[in-house]
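Right, one structure below, let's go through it.
Please treat every number below as a calculation from the coordinates, not as lab data. Please read all numbers here as calculations on a predicted model, not as lab measurements. Ideal geometry is used to build each Cβ from the backbone, glycine not excepted, and the neighbour counts take in all protein chains shown.
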Amino acid sequence: MNLRLALDQKLSTYWDAHHEVGLRELWSWFASLRLSARLRDASVLEGAVRDGAGNILWRSETFAYAAAREEPAEYRGVVAGGRRTRRSRRPV
C-alpha cells in the first residue's frame with residue numbers, strides 16, 4: 001500500500017491543509033472511504049507508516065512520523081529517512 005499516494009489523492013484536502021494526521025484518525029478515514037479492504041488490520045497501516053518514514057527520499061516521496069506532538073508544530077520522536085530525532089519543529 002502506498003500511503004503517501006492515498007494522502008495525496010483520497011485525503012488531499014485535509015493533507016494539504018495540515019500535513020499531519022494521527023494513526024487512529026487515518027484508520028477511520030480508510031474505513032469511511034472503503035479503503036480499509038486493502039488493509040487486513042491496523043498492523044498493515046502501521047507497517048506502511050514505518051516504511052514511509054524509513055524511506056531516505058521521505059521529503060519528496062513519503063513523509064516523516066512522530067511519536068507525539070508536544071504542542072503545535074513541535075514533535076517528539078521524529079523518524080524521517082530511517083533516522084530518529086528526539087525533538088523537531090515543523091518543518092522536519
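Between residue 12 and residue 67, full extension at 0.36 nm per residue minus the direct alpha carbon distance yields a gain of 17.5 nm.
Maximal additional length on extending the residue 21-residue 5 stretch stands at 4.3 nm, based on 0.36 nm per residue less the C-alpha distance. Between 11, 22, 79, the Cα set farthest toward the positive side of the dipole of region 3-89 (charges on each charged residue's Cβ, about the Cα centre) is that of 79.
Above 16 Å, the calculated P(r) of region 3-89 contains 54 percent of its Cα-Cα pairs.
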